[in-house]
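Working notes, structure below.
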Amino acid sequence: MIPLVDIKTEYEQLKNELNRAILDVLESSYFILGPEGEKLEKEISQYIGVSHALGVANGTDALLLCLEALNIGSGDEVITTPFTFFATAEVIARVGATPVFVDIDPKTYNMNPDLIESVITEKTKAIIVVHLFGQSADMDVIMTISKKYNLRVIEDACQSIGASYRGKKVGAFGDFGCFSFFPSKNLGAYGDGGMIVTNNSDLFSKLKLLRNHGSSERYVHTDIGLNSRLDEIQAAILRVKFKRLDEWNNRRKELAENYSLKLADTVKVPFEAEDREHVYHQYCIETSHREKLAQFLEQKEIATGIYYPIPLHLQQAFIHLGYKNDHFPVSEGCAKRILALPINPMMTQKQQDYIIAAIKEFFGD
């Protein structure tokens with residue numbers, strides 16, 4: 001089976017270096033809030049181009065901690081997209097606020113900024129903008145709106161580390177940028193992990209308290225926080241992989257370009273805006289024959305994925321918000337047609353050629 005993500009081959013290539021890094025942590029006896037985490041935070045902050053970075057337990061906690069640092073809660077509204085992973089809206093509800101959805105751009109699959117102002121109310125406190133599948137949202141327009149209405153901006157860049165908008169890395173635009181190191185991500189740990197970046201020193205200090213039980217001094221707690229810390233073993237693993245991030249992202253882009261060149265006459269291929277650098281966490285095509293194509297490819301031992309089959313406004317957990325079918329037609333239409341193909345830096349050209357040939361065979365090309 002050609003996998004969507006080939007973590008096994010990745011490990012085989014980096015085995016000696018990864019094993020050494022893990023053993024170094026074991027020998028050091030620093031497992032929580034140690035030097036590996038601090039070094040990774042410094043490396044990520046420099047890479048994104050921000051003042052501060054903070055390792056946390058996962059990407060979901062990263063988003064949650066940002067909302068808590070901004071004191072967003074009951075009675076507040078946060079605008080976001082219905083076409084994303086559940087965690088994006090889950091954290092809004094978790095702090096007691098209300099998710100308010102706007103539909104997506106049919107080309108980029110990101111939040112359509114032209115729709116944002118129509119849902120802003122006196123209760124609106126923030127926008128969580130998602131950089132989906134590895135491509136930045138339209139940040140100039142979104143930041144202009146946020147300044148006009150005095151709204152906070154949290155960037156959900158969990159799928160897009162290394163992506164950029166007009167030469168600036170995602171995560172560096174809003175009050176916060178949030179990243180996930182889930183194993184399947186472009187920069188993945190061997191377990192859960194996450195990172196928050198910011199240029200605001202006061203908010204950074206608040207985050208440091210919140211991720212560690214609201215404490216800056218042992219047994220002294222000034223805030224109600226979480227236990228959400230990136231452990232040293234995961235940080236060490238990520239530091240080994242981080243050295244290859246740009247190389248791996250470039251390989252993803254090469255694979256994406258070849259897919260698009262060969263498949264553009266057969267299916268709808270991803271759109272990449274001229275002012276953005278896409279890092280292709282997912283390579284998603286669209287076809288009205290999705291289910292049959294996925295079954296055909298499975299028979300050919302080619303893995304595929306659907307991101308996402310149910311938009312968030314139609315999830316049972318959000319039924320109380322009152323959204324119905326056809327409320328966000330672009331998101332709902334994409335959810336019925338979209339199909340992710342294998343794309344990872346470990347993929348060989350032979351594997352990709354086989355996938356392309358199989359798709360063309362299905363469509364009779």
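Can you find even one residue in the stretch 173-188 that is open to solvent by 20 Å² or more (accessible area, probe 1.4 Å) and not in a loop (DSSP other than H, G, I, E, B)?
Within the stretch 173-188 (the criterion being open to solvent by 20 Å² or more (accessible area, probe 1.4 Å) and not in a loop (DSSP other than H, G, I, E, B)), the answer is no, since none of the residues qualifies.
Inspect the stretch 79-90 for any residue being assigned to a strand (DSSP E or B) and either at pLDDT 95 or above or among the charged types (D, E, K, R) (or both) and give the result as yes or no.
Quick first cut of the stretch 79-90, residues assigned to a strand (DSSP E or B) only: 79-80.
Next, from what is left, pick out any that are either at pLDDT 95 or above or among the charged types (D, E, K, R) (or both): 79-80.
Yes, there is a match, as at least one residue in the stretch 79-90 is assigned to a strand (DSSP E or B) and either at pLDDT 95 or above or among the charged types (D, E, K, R) (or both).
Looking at Lys268, is it basic (Lys, Arg) and either closer than 28 Å to Ala157 by Cβ or in contact with an Asp or Glu (Cβ under 6 Å, 6 or more places away or on another chain) (or both)? If you could, list the steps in order and put the result at the bottom.
Numbers: basic (Lys, Arg): yes; either closer than 28 Å to Ala157 by Cβ or in contact with an Asp or Glu (Cβ under 6 Å, 6 or more places away or on another chain) (or both): yes.
So Lys268 fits the description; yes.
How many residues are assigned to a loop (DSSP other than H, G, I, E, B) and farther than 30 Å from Ile2 by Cβ when one looks only at the stretch 310-344?
Total meeting the criteria: 8.
Looking at Gln159, Gln46, which one is under 22 Å from Asp246 (Cα atoms), modelled with pLDDT of 95 or more, open to solvent by 10 Å² or more (accessible area, probe 1.4 Å) and within 18 Å of the chain's Cα centre (by Cα)? First the steps, then the outcome.
Working: Gln46 fails: within 18 Å of the chain's Cα centre (by Cα).
Testing whether each residue is under 22 Å from Asp246 (Cα atoms), modelled with pLDDT of 95 or more, open to solvent by 10 Å² or more (accessible area, probe 1.4 Å) and within 18 Å of the chain's Cα centre (by Cα) leaves just Gln159.
List pairs: first residue in the stretch 129-143 and more than 16 Å from Gly162 (Cα to Cα), second residue surrounded by 24 or more Cβ atoms within 10 Å (Cβ to Cβ) and among the charged types (D, E, K, R) anywhere in the structure, Cβ distance under 6 angstrom, at least six positions apart or on different chains.
That search, which allows pairs on different chains as well, returns Val129/Glu155.
Residues Leu23, Leu67: which one is in contact (Cβ under 8 Å) with a residue 40 or more places away in the chain and in a helix (DSSP H, G or I)? Break it down into steps so the answer makes sense when it comes.
Numbers: Leu23 fails: in contact (Cβ under 8 Å) with a residue 40 or more places away in the chain.
After ruling out the rest, the residue left standing is Leu67.
Specify the residue that is most open to solvent (accessible area, probe 1.4 Å); the eligible residues are those in the stretch 350-360 that are touching a residue at least 60 places away in the same chain (Cβ under 8 Å) and over 12 Å from Ala294 (Cα atoms). Please lay out each step first, then the result.
So the first thing to find is which residues in the stretch 350-360 are touching a residue at least 60 places away in the same chain (Cβ under 8 Å), and the list is 351-352, 354-356, 358-360.
Cutting the leftovers down to over 12 Å from Ala294 (Cα atoms) gives us 351-352, 354, 356, 360.
Numbers: Gln351: 54, Gln352: 1, Tyr354: 100, Ile356: 12, Lys360: 57 Å².
Among those that are touching a residue at least 60 places away in the same chain (Cβ under 8 Å) and over 12 Å from Ala294 (Cα atoms), it is Tyr354.
So if I check each of Arg251, Arg229, Arg239, which one is modelled with pLDDT of 95 or more, open to solvent by 10 Å² or more (accessible area, probe 1.4 Å), among the charged types (D, E, K, R) and part of a loop (DSSP other than H, G, I, E, B)?
The conditions single out Arg229.
The values are calculated or read from the model by the stated rules, or taken from the named source; none is laboratory data. Predicted model only: the values in this text are computed from it and were never measured. Quick reminder, even Gly has a Cβ in these numbers, built from the backbone with ideal geometry, and neighbours come from all protein chains shown. Surface accessibility is based on the protein's heavy atoms, side chains included, excluding ligands, DNA and RNA. Shrake-Rupley method; radii C 1.70, N 1.55, O 1.52, S 1.80 Å.
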